[in-house]
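Heads up, the thing below is written out as structure tokens.
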Amino acid sequence: MGNSYPHLGENATALIASSDEERINAIRQGTWLGYKDARRILARMEELLSYPRITRMPNMLLVAPSFNGKTSILRRFISQHLPDLDAANEVTICPVLMVEAPPKPDISDFYTRILDQLMTPYKPTASVVEKYSQIKKLFRQMDVKMLIVDEIHHLIAGSLNRQQEFRNALKSLGNETMVTIVAAGIEDAYNAFNTDPQMSSRFTPEELPLWKANNEFGSLLATLELRMPLKKPSNLKDASTMLAIHTRSEGTLGDMCDLVKELAVDAIRSKSECITLDRINSLHWVPPSKRKQYRRN
């Protein structure tokens, strides 16, 4: 069967005889794409994780447009460093902890989110100081080495004083526990950090720019095609096809993946079994720039 579908990878070929719904489900589940920038950022995070504990730990600020792969990279890293039970000492070792920043710079809420992720009971009436003390103790016990704070741009939703208090809390947490901090967010994250020279000097920025319609984008589409169980080749890296997908997705990784998934599902349901240029241009799919003002009639 493998020779019958040279345009597919091994896993997609194995699915080709499955029902339409099973193939659609496999497509919608998605897959990890290890493109160049993702590999670079994961490698840098590995360096930070293995860094010796020093007084001033190095940190990272990961900045990307919305839906451009930032959180997928962070979750990939988490999946490679899951908590592990130290049976001898009856304690869970948690090298990497990830939380989402609260919707506004609320230190108590931030500490609560950390405690929740550590699955640790705490008093609902606990003060900020009590929560902080508990977190420091748990970080030592569980050997936490890296704290990832996603959606850090939420910081700018508060007053300037609240923003500064939150930044100070983040600095103190890093200083006192000697964990490395990876903060991630959209471009507004720069504004959240650049107003504080100490923060901007401690957090080395890494960017995930929008994609360009180039060879790397074509290679990404070719990888996706290998993994989608369609019975006919679509030649997604063909110049006109690639450009059409790039134009509709506006260079955002998440939107490109979503668009290609929907095109693949459409190809199965329409029985065409391949993605065509005509369907790329005609499929009902709202591009990212139109979503904010999009209204259903």
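Seen against the Cα atoms of the chain and their longest principal axis, helix 160-177 is set at about 80 degrees. Magnitude of the charge dipole for the chain, about its Cα centre and with charges confined to Cβ atoms of Lys, Arg (+1) and Asp, Glu (-1), is about 360 debye.
Full extension of the chain segment joining ARG291 with ARG56 gains 80.4 nm, where the gain is 0.36 nm per residue of separation less the Cα-Cα distance.
Between helix 36-49 and the chain there is an angle of about 20 degrees, using the helix long axis and the longest principal axis of the Cα atoms. Within the full protein context, the accessible area of LYS137 is estimated at about 110 Å² for a probe radius of 1.4 Å. When GLU151, GLU47 are compared by accessible area of protein heavy atoms, the largest-first order is GLU47, GLU151, using a 1.4 Å probe.
Over the residues of the chain, the helix contribution to mean residue ellipticity at 222 nm works out to -15000 deg cm²/dmol, using -39500 (n - 2.57) for each DSSP H run of at least 4. Across the accessible surface of the chain, with the other protein chains kept in place and a 1.4 Å probe, carbon and sulfur atoms take up 51 percent. The order of ARG44, ARG53, ARG39 by accessible area, most exposed first and with a 1.4 Å probe, is ARG39, ARG53, ARG44. Each label was represented as a point 7 Å from its Cα along the Cα-to-Cβ direction; for GLN117 and GLN164 these points are 2.7 nm apart. The modelled label-to-label distance for the pair GLU47/THR31, using points 7 Å beyond Cα in the direction of Cβ, is 3.0 nm. To the nearest ten degrees, helix 215-227 and the longest principal axis of the Cα atoms of the chain are 80 degrees apart.
Solvent exposure of the chain amounts to 52 Å² per residue of accessible area, where only protein heavy atoms count and the probe is 1.4 Å. Heavy-atom accessible area for VAL128, with the other protein chains in place and a 1.4 Å probe, reaches approximately 60 Å². Measuring with a 1.4 angstrom probe and ignoring ligands and nucleic acids, GLU21 comes out at about 110 Å² accessible. The dipole here belongs to segment 176-244: it is taken about the Cα centre, uses +1 on the Cβ of Lys and Arg and -1 on the Cβ of Asp and Glu, and is about 580 debye.
The values are calculated or read from the model by the stated rules, or taken from the named source; none is laboratory data. On a predicted model such as this, the values are computed, not experimentally measured, just so you know. No Cβ is skipped: glycine too gets one built from the backbone with ideal geometry, and neighbour counts run over all protein chains shown. When the accessible area is computed, the model is the full protein with side chains, heavy atoms only, and any ligands, DNA or RNA have been set aside. Shrake-Rupley method; radii C 1.70, N 1.55, O 1.52, S 1.80 Å.
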